[in-house]
1. Which distance in nm do the two modelled labels at V26 and Q88 give, with both placed 7 Å along the Cα-to-Cβ direction?
2. Please return the longest range in the chain lying between exposed loop sites, taking trypsin sites (Lys or Arg not before Pro), DSSP loop only, at most 14 other beta-carbon atoms within 10 Å, and leaving the sites out.
3. Starting from the Cα-Cα distance between E16 and Y77, subtract it from 0.36 nm times their residue separation and give me the gain in nm to one decimal.
4. Give a quick list of chymotrypsin sites (Phe, Trp or Tyr not before Pro) in the range 7-92 that DSSP marks as loop, anything other than H, G, I, E or B, with at most 15 other Cβ atoms within 10 Å.
5. If you consider only alpha-carbon coordinates, what radius of gyration and Dmax does the range 4-84 have, in Å?
6. How many nm is it between the label spots at Y56 and I69, if each spot is 7 Å from the Cα in line with the beta carbon?
Amino acid sequence: MSIIKKPILTEKMMNETEKFNRYGFVVDKKANKIEIKKAIEDLYGVDVLAVRTMNYPPVRKTRYTRSGIVTGKTNAYKKAIVEIAEGQSIDFYSNI
């Protein structure tokens, strides 16, 4: 359960879901494709055809304000795009 952190529910990802039956998840940075596939199949009970992963590095930002220079960064994360078998789907809103 700690491998999958949360689903990605953006407009772009919903278009991918409707056209190609692909779902996006934010996953643990140390998880590999085999672990992600097993976690999705166990959690949602679907057949996974393919897993694509992407690592996003932290973005460093600097702002110049009246009180001086403020520096910061965003969090690094790993994203997985999971392709599900034809005719199957994942319902994210069933647990609400």
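1. So the two model labels end up 2.5 nm from each other.
2. Details: sites that count: K29, K30, R66.
Answer from the scan: 31-65.
3. On the way: separation 61, 0.36 × 61 = 21.96 nm, distance 2.03 nm.
So the extension gain works out to 19.9 nm.
4. Details: sites: F20, Y23, F25, Y44, Y64, Y77, F92; in loops: F92.
Counting only loop positions with at most 15 other Cβ atoms within 10 Å, the chymotrypsin sites (Phe, Trp or Tyr not before Pro) in the range 7-92 are F92.
5. 16.5, 55
6. Once both label points are built, they end up 2.7 nm from each other.
Bear in mind these aren't lab numbers, they're just calculated from the coordinates by the rules spelled out. Note that this is a predicted model, so its numbers are computed, not measured. Cβ: placed from backbone, ideal geometry, glycine included. Neighbour counts: every protein chain shown.
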